[in-house]
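The values are calculated or read from the model by the stated rules, or taken from the named source; none is laboratory data. Just so you know, these numbers come straight off a predicted model, no measurement behind them. Positions of Cβ are generated from backbone atoms using ideal geometry, with glycine treated the same way; all protein chains shown enter the neighbour counts.
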Amino acid sequence: MSSAGVGFERIAVGHEFQTSRRTVTEADITHFSAITGDYSPLHADQVFVEEETDFRTRIAQGWLIVAIQSGLHCEIVDWRILAFLSTGRRFVAPVYPGDTIHAEYRVEEVRPSSSKPDRGVVTLSCTIVNQDGVAVVTGTETFLVERGTDG
């Protein structure tokens with residue numbers, strides 16, 4: 001279920017939604033390494049991966065997967081997000097080039113801001129899932145959102 005059309009005052013604990021899908025490419029991994037400087041052999045050295053790990057090929061950086069998830073999230077959430085307050089993540093399975101991922105969300109908490117009456121705080125649980133239905137990243141994210149967005 002999409003969150004489209006849901007203003008802050010109608011965001012309910014238990015509401016679930018998911019993003020569209022996106023395939024992770026070799027280019028994504030290479031570009032993320034270039035941007036971040038993360039040239040760990042897990043992401044950049046196929047020989048190392050084959051000889052020293054149980055992975056079948058290079059793997060995507062965990063934070064690359066979270067960055068992709070964040071972009072997919074922005075496509076479907078129409079709440080006016082004012083700030084990204086916190087996140088907690090567990091990287092539970094590898095993502096390989098060619099894997100297709102999407103994110104599944106559940107609203108865990110909705111409350112007014114304690115310091116700003118025109119704002120609210122929304123906490124989501126998030127699971128990033130691959131094409132085989134395997135959870136690859138789990139966690140939570142908390143946002144500061146504008147209130148009074150129902151029209």
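Odds and ends about this structure:
- Here the condition is being farther than 19 Å from Thr19 by Cα and not aromatic (Phe, Trp, Tyr); of Arg89, Arg106, Arg58, it holds for Arg58 alone.
- Of the residues making up the stretch 43-77, those that are over 16 Å from the mean Cα position of the chain (by Cα) and part of a loop (DSSP other than H, G, I, E, B) number 8.
- Scope the stretch 4-18; condition surrounded by 18 or more Cβ atoms within 10 Å (Cβ to Cβ) and either part of a helix (DSSP H, G or I) or of a type in the set (A, V, I, L, M) (or both); matching residues: Val6, Phe8, Ile11
- Against the list (1) modelled with pLDDT of 95 or more; (2) in a strand (DSSP E or B), the condition Ala83 fails is (1).
- Hey, Val95 outside any loop (DSSP other than H, G, I, E, B) and aliphatic (A, V, I, L, M) or not: no
- Residues in the stretch 19-38 that are out of contact with any helix residue (DSSP H, G or I) (no Cβ under 7 Å at 6 or more places or on another chain), hydroxyl-bearing (Ser, Thr, Tyr), touching a residue at least 40 places away in the same chain (Cβ under 8 Å) and surrounded by 13 or more Cβ atoms within 10 Å (Cβ to Cβ): Thr25 alone.
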